[in-house]
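Taking it in order: structure first as structure tokens, then the write-up.
The values are calculated or read from the model by the stated rules, or taken from the named source; none is laboratory data. What you see is a predicted model, and the numbers here were worked out from it, not measured in a lab. Positions of Cβ are generated from backbone atoms using ideal geometry, with glycine treated the same way; all protein chains shown enter the neighbour counts.
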Amino acid sequence: MVSGNWHQGIIGIIASRLKEQFHLPTIVMSLNNGIGKASCRSILGVDIVLQSFPQSFTNLIIEGGGHSMAAGFSIKEDKVNDLHDFFTERFSNSINEKTLKADSIVTAKAINLSLWNQLQRLGPFGVGNPEPRFIIQGAKIRKPEVIGVDHIKCFIADD
């Protein structure tokens, strides 16, 4: 995603949220005075270490750095389409079906305020300490209700 309207201080946050929502490597770029400042976030199995990329990539960027899961770089605005082509070619075959990963399997009866309070003590959550994910074994959705455009309120039972 590229925009001239985003402040450079928020592009990393936007990239992280998009990566979490869509489970895809994400690049968010802010353009200003002909220079793009980009923030990248990746997923397990898709390494975005800029220094390991071929010369064809390093010729595109002005400067950059990072590690396998997050990176940032600067690029001239007239190279953005070339950058898009590079990443599409490099990563289109590495992104497989989304894999469901969970930290634990629980029953609906095990989910209560005590569990919630214990989980909150594990925070703060973010890069390097993601929110825990659970599979609710035998879950049955009861009384689903659409709220707004893209939210559902429901009860979960295991009986």
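Here are a few things to note about the model shown:
- Look at (1) surrounded by 14 or more Cβ atoms within 10 Å (Cβ to Cβ); (2) at pLDDT 85 or above and you find that SER104 fails only one, number (1).
- Here ASN59, ASN32 are screened, and the one residue that is more than 17 Å from PHE91 (Cβ to Cβ), surrounded by fewer than 17 Cβ atoms within 10 Å (Cβ to Cβ) and modelled with pLDDT under 80 is ASN59.
- Within the range 136-156, residues that are free of Cβ contacts under 8 Å to residues at least 12 places away in the same chain have Cβ atoms under 9 Å from residues that are basic (Lys, Arg) and in a strand (DSSP E or B) in these pairs: PRO144/LYS153; GLU145/LYS153; VAL146/LYS153; ILE147/LYS153; LYS153/LYS143, counting only partners at least 6 apart in sequence or on another chain.
- Taking the criterion of being in contact with a Lys or Arg (Cβ under 8 Å, 6 or more places away or on another chain) and surrounded by fewer than 17 Cβ atoms within 10 Å (Cβ to Cβ), the only residue of the range 19-29 that qualifies is HIS23.
- Looking across the range 43-56 at every residue that is loosely packed, with under 10 Cβ neighbours inside 10 Å and outside any loop (DSSP other than H, G, I, E, B), the one that is modelled with the lowest pLDDT is identified as SER52.
- Pick from the range 1-29, criterion part of a strand (DSSP E or B) and at pLDDT 85 or above, ranking: farthest from GLU131 (Cα to Cα): MET29
- The range 107-137: number of residues that are assigned to a helix (DSSP H, G or I) and touching an Asp or Glu at 6+ places or on another chain (Cβ under 7 Å): 2
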